[in-house]
Amino acid sequence: MLIQRLVVSPWKSNCYLVSEGESSTQCVIVDPGITGAEAVEAALAERGLSPVAILVTHGHVDHAGSAHTLAAHWEIPVYLAEADQHQLTRPGAGLGPNGDAIVIQYLGRADLPAIEDVRDWDGSFELAGLTVTPRPAPGHTPGSTLLEVSSSEATAVFTGDVLFAGTIGRVDLPGGSMTQMRDTLRRITHEISPDIALLPGHGEPTTLAREIATNPYLQPDN
């Protein structure tokens, strides 16, 4: 499995292009970011890849803001938990009272065009030679989802803004919940292999083993 990380958006969000291997001509895009379409298109062209779907870990605009542009260009579906789908067209809804103003600052408009094909998660499925297993992980947003993506030789988990190296995502934005986040983190420690690569929505990769040992939010008293 080949994974290319692109840092996109003013918030330095991680976008990932994931393909089965060196000879693959297809891929999936994980979290295309905001104002990230140009960088994604350049990376796709350089590697000779065609995306078959966009996978979005949660609805915040710094992860999903360019989904409509890429989905329309490639005529591909966008997968996002139903609870966060409203943010695809109304991104300010996920950012609090000044959300619309923030979105207008970067995009010049408060609303985004509707995406023709938006799909909720519904169990594991196959795309571009990859197996995608969504794991509901509310806390940062109601629809936050960990995405376990596997090829025949490797597995990685895209954690969005749930779990980072050394910390966790915010719970003070609309729909956030520390209670739900704690429940999610407890489940993660039991559901995910400690040695699998965790690829977060911001910052550097890590592993669950490292986070259990060092992340204060994964300690028993939290």
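The values are calculated or read from the model by the stated rules, or taken from the named source; none is laboratory data. Everything quoted here is computed from the prediction, not taken from an experiment. So basically every Cβ, Gly included, is an ideal-geometry build from the backbone, and we count neighbours across all protein chains shown. In case anyone asks, the SASA skips ligands and DNA or RNA and just uses the protein heavy atoms, side chains included. Shrake-Rupley method; radii C 1.70, N 1.55, O 1.52, S 1.80 Å.
Summary table below
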item	result
Rounded percent of accessible protein surface that carbon and sulfur make up, the stretch 69-184, 1.4 Å probe	47
Residue 172 paired with residue 193, simple spin-label distance in nm, labels 7 Å along Cα-to-beta-carbon	3.8
Antiparallel bridges, percent of DSSP beta bridges restricted to the chain (to nearest 5)	70
Largest to smallest principal axis extent of the C-alpha atoms in the stretch 1-123, angstrom	47, 30, 21
Residue-normalised accessible area of the chain, given per residue in Å² at a 1.4 Å probe	44
Rg followed by Dmax, in Å, when the chain is reduced to its Cα trace	16.3, 48
Calculated FRET efficiency for the pair residue 152/residue 182, C-beta based, R₀ 25 Å, to 0.05	0.10
Excluding exposed DSSP-loop GluC sites (Glu not before Pro) (at most 16 other C-beta within 10 Å), longest clean stretch of the chain	154-222
Zone residues, the stretch 59-94, relative to residue 122, backbone N less than 20 Å from point 7 Å out along Cα-to-Cβ	76-86
Cα point-scatterer Debye curve for the stretch 55-117, base-10 log of I(q)/I(0) at q = 0.28 Å⁻¹	-1.25
Bins of 5 Å, starting at 0 and running to the largest distance - Cα pair percent for the stretch 1-71	4, 20, 33, 26, 12, 5, 1
Debye-sum result for the stretch 120-196 in log10 I(q)/I(0), which assumes one identical scatterer on each alpha carbon, at q = 0.15, 0.21 Å⁻¹	-0.53, -0.94
In nm, spacing of pseudo-spin labels at residue 25 and residue 133 (7 Å Cα→C-beta vector)	3.1
Cβ-defined net charge surrounding residue 191, 13 Å radius [Lys, Arg +1; Asp, Glu -1]	+1
